[in-house]
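Quick notes on the structure that follows.
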Amino acid sequence: MTLTPTADTPNATQPAPRPLATILAAQRPPRPTAWAACRVFAWRALLKIRHVPEQLSDVIAVPIIFTLLFTYLFGGALAGSTHRYLQTLLPGTLVMAVLLATMYTGINLNTDHAAGVYDRFRTLPIWRPAPIIGALLGDTARYLLASALVVGLGLALGFRPHGGAVGVGIGVALVVAFALALSWVFCWLGLVLRTPNAVTNLAFLVLFPLTMASNTFVDPHTLPGWLRAVVDANPVSHLVAATRDAMAGTASGTQVGAVLLTALATIAVFAPLTMHAYNRKS
Amino acid sequence: MNPPSDLAIHATGLTKHFGGTHAVDNLELAIPKGCVYGFLGPNGAGKTTTVRMLATLLRPDAGTASVLGLDTVRQAESVRERIALTGQFAALDQDLTGAENLTVAARLLGYRPRAARIRAAELLSGFGLDDAAPRQVKTYSGGMRRRLDIAASLVATPEVLFLDEPTTGLDPASRNQVWATIRALANAGTTVLLTTQYLAEADELASRVAVIDHGHLIAEGSPGELRAAGGTGRLRLRLADAERRPDAAELLHRLLGGSGSGSGSGSVEAAGSDPADVTVAVADAARATEAIAELSRGGIALTGFSLDQPSLEEVFLALTTTAAPAAAAS
Ligand SMILES: Nc1ncnc2c1ncn2[C@@H]1O[C@H](COP(=O)(O)OP(=O)(O)O)[C@@H](O)[C@H]1O
Ligand SMILES: [Mg+2]
């Protein structure tokens, strides 16, 4: 109630509304299926990569640097020749490069949440895990890109897998499956930790021992007993061995099964934890 | 009053504590369908927390809430099919373009890819964002972001729309557009719960208003009832001759200070920076016009006047200091 003869009320200066009728939807389509919602989130992840290609630097630069560095730095010293070392090293480099990329799942989730983007998604009638599964689908594309880079560079440097294309394919599939399982761990951490920095710090604390205390670079037989026990128990050692053998064409069904079982067990624990944290997040 | 089936939003004993903070405390709300409902309170009053509980984002510690008769905890999924929320801070993806943000939202509501793009373009044009559509949201101004965020909530017209401080920090043109949108939605039958810190905004749009402070509902009623409970507005006069200020002040005090006019009515504020200005508290608009007429009869010429409604702070002061406000919640 403003009786101001001099100034116009906001009502009077209001522009003739733009076609306001168009803001009203004709009718609401049926809600998307769980799978359709996941695909939209995967598409969103790919759109983000298109707009911010820098975010791929970690999955492009790290694998290239690792492959070159480890081949030439350790090759001569550890196996007598870089060529010979490459045959056992490359699958290990692949594992390390892809597993290190899993932490970005948690960092991105944490950043999106801090920006409030998920508030909209959480008020939509969509399958609850869709945003996370969709993000993981997008991450699969990143893991495949990193794998292609490592394998391609390895082939150029003289990596000659006896398992052929099929063996390499199985090896890459094992690594990506394991990475997706580990991504759930980082999804959970991304939701329960406060800042992206905290996620990064914890990620290094988890990933470095996990990837280094393994058979990636050295033969466990050369290690002292206690460390050898740790290395033998490390699931990453089993992943590296299975990937190596798959690419060499000698992997057993038990080996492959054990890796997949580890991945499934990890998901069985961390997917519910993640969804609990996601639903409880305020 | 209303049978529950007529209510868009119904909350009983709604409570949320954060540690020792009673963000929302035993809140009762009954909001009829199809109205614009103002939810008024200062920073930290508990508006956002309430809206987040009603919009299924936050679980109440105690009490229950239902939206369109559906429980916000047990039937959250069904509630989400019929509501939309535009939060206090834009829920947009800064890296994506405006068009992509709306297309993602449309596809998540079930639109096919092509239909989603068409719907996004329609909304962008409806909100005057055609030119900005192919740009990343991080290049948008605050007003553009806010419009896009509201557009994203309207991809499928919701039956209940929650708008959390949609105009805070907006330029007047963007604010008017938001207001026009809210009116259009209300005309089309959407119930709008609008939180705001400004009584003037609630006055402009809302048919009913709840006032909340420290998590407590302190009053509920029409904006007019609130103003009445809040007591006095202000009559500002600009005298043609600054010399006449003492005469004007004396006259106004006599005319407006009578009994039953509300606390403080008729008290003339001390002269401000401009000696030709007189500001006087006034409880009743009708008596203000009488006073203006009386001034000119008394030969005191005016070059301008305005009657301002009480500010939110004044309404608060009145409501929190009065034992039983006239329009208190039942
Ligand atoms: N997630 C949270 N953790 C702790 N305290 C919170 C949280 N959210 C809100 N609060 C507190 O609850 C009170 C109400 O906040 P809020 O609902 O945001 O008020 P408003 O939206 O009216 O400004 C404030 O004191 C605020 O500090
Ligand atoms: Mg708020």
Quiz item: When the helices in the protein assembly as shown are scored as -39500 (n - 2.57) per DSSP H run of 4 or longer and the sum is shared across all residues, what 222 nm value do you end up with, to the nearest 500 deg cm²/dmol?
Solution: -17000 deg cm²/dmol
Quiz item: If you place +1 on the Cβ of every Lys and Arg, -1 on the Cβ of every Asp and Glu, and leave all else neutral, what size is the dipole of chain B about its Cα centre, to the nearest 20 Debye?
Solution: 1060 debye
Quiz prompt | With Cα atoms, 0 to 90° folded angle of helix A:57-79 axis to chain A main axis | solution = 10 degrees
Quiz prompt | In range of the label at B:E290: residues from the range B:226-257 whose backbone nitrogen is under 14 Å from the point 7 Å along Cα→Cβ | solution = B:252-257
Practice problem: Sort A:146-157, B:240-251 for me by packing, meaning the mean count of neighbouring Cβ atoms within 10 Å per residue, highest on top. | Solution: A:146-157, B:240-251
Exercise. Can you pull the one-decimal nm distance between simple spin-label points at B:K138 and B:S267, each 7 Å off the Cα toward Cβ?
Key: 5.3 nm
Exercise. Calculate the length of the line joining the C-alpha centroid of the range B:144-160 to that of the range A:83-152, in whole Å.
Key: 31 Å
Quiz item: Using +1 on the beta carbon of Lys and Arg, -1 on that of Asp and Glu, and nothing else charged, what's the dipole of chain A about the Cα centre, debye to 20?
Solution: 660 debye
Quiz item: By per-residue mean of other Cβ atoms within 10 Å, what is the highest-first order of B:132-140, B:178-186, B:149-157?
Solution: B:149-157, B:178-186, B:132-140
Quiz item: Label points 7 Å out from Cα along the Cβ direction at A:H162 and A:R84: separation in nm?
Solution: 1.5 nm
Practice problem: Just name one of A:A165, A:H221, B:S174: the one whose Cα is farthest towards the positive end of the charge dipole of the protein assembly as shown (beta-carbon charges, Lys/Arg +1, Asp/Glu -1). | Solution: A:A165
Practice problem: Give the carbon-plus-sulfur fraction of the accessible surface of chain B in %, rounded to a whole number; probe 1.4 Å, heavy atoms of protein chains only. | Solution: 51 percent
Quiz item: With no solvent and one point per C-alpha, what does the Debye sum give as log10 I(q)/I(0) for the range B:37-194 at q = 0.09 Å⁻¹?
Solution: -0.29
Quiz item: Other chains' Cβ within 10 Å of A:141-148 residues: what's the mean?
Solution: 0
Exercise. Would you mind classifying the range B:34-73 by shape? Square roots of the alpha carbon gyration tensor eigenvalues, ordered a ≥ b ≥ c; an a/c under 1.5 is rounded, otherwise it is prolate if a/b is larger than b/c and oblate if not.
Key: oblate
Quiz item: To the nearest 20 debye, what is the magnitude of the charge dipole of the protein assembly as shown about its Cα centre, counting +1 on the Cβ of each Lys and Arg and -1 on the Cβ of each Asp and Glu?
Solution: 2320 debye
Self-check item: Overall Cα dimensions of the protein assembly as shown, principal axis frame, Å, largest first
Solution: 111, 48, 44
Quiz item: Within the range B:282-316, whose backbone N sits under 16 Å from a point 7 Å along Cα→Cβ of B:R254?
Solution: B:290-301
Self-check item: Positive dipole terminus of the range A:163-282, leading residue within A:F204, A:V236, A:A263 (C-beta point charges)
Solution: A:F204
Quiz item: Relative to the longest principal axis of chain B, what angle (0 to 90°, nearest 10) does the C-alpha long axis of helix B:113-126 take?
Solution: 10 degrees
Quiz item: Along the charge dipole of the range B:7-228, Cβ charges K/R +1 and D/E -1, which of B:L27, B:P223, B:A11 sits furthest on the positive end?
Solution: B:A11
Quiz item: Could you give the semi-axes, largest first, of the ellipsoid that matches the range A:32-280, computed as the square roots of 5 times the alpha carbon gyration tensor eigenvalues and rounded to whole Å?
Solution: 33, 19, 17
Self-check item: By average C-beta atoms within 10 angstrom, highest first, the peptides B:162-169, A:33-40
Solution: B:162-169, A:33-40
Exercise. Give me the accessible area buried between chains A and B, both sides summed, with a 1.4 Å probe, in Å² rounded to the nearest 100.
Key: 4900 Å²
Self-check item: Residue-averaged beta-carbon neighbours from other chains (10 angstrom radius) around A:119-132
Solution: 6
Quiz item: What's the percent breakdown of Cα-Cα distances in chain B across 10 Å bins, shortest bin first?
Solution: 6, 23, 26, 21, 14, 8, 2, 0
Quiz item: ³J(HN,Hα) across the range B:142-148 via Karplus (A = 6.51, B = -1.76, C = 1.60, θ = phi - 60°), whole Hz, x for Gly/Pro?
Solution: x, x, 5, 4, 4, 5, 5
Practice problem: Might you tell me the accessible area per residue for chain B, computed with a 1.4 Å probe and given in Å²? | Solution: 40 Å²
Exercise. Compute the signed sum of charges (Lys and Arg +1, Asp and Glu -1) over the other residues within less than 13 Å, Cβ to Cβ, of A:D58.
Key: -1
Quiz prompt | Euclidean distance between Cα centres, the range B:181-236 to the range B:34-72, Å | solution = 16 Å
Quiz item: Let a ≥ b ≥ c be the square roots of the eigenvalues of the Cα gyration tensor of the range B:7-82; is it rounded (a/c under 1.5), or, if not, prolate (a/b larger than b/c) or oblate?
Solution: oblate
Quiz prompt | Inter-chain Cβ neighbour average for residues B:91-104, partner chain, 10 Å | solution = 5
Self-check item: Degrees, to the nearest 10: A:164-192 long Cα axis against longest axis of chain A
Solution: 50 degrees
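The values are calculated or read from the model by the stated rules, or taken from the named source; none is laboratory data. What you see is a predicted model; the values in this text were computed from it and never measured. Note: ideal-geometry Cβ built from the backbone for every residue, glycine included; neighbour counts use all protein chains shown. Surface areas here come from the heavy atoms of the whole protein model, side chains and all, with no ligands, DNA or RNA. Shrake-Rupley method; radii C 1.70, N 1.55, O 1.52, S 1.80 Å.
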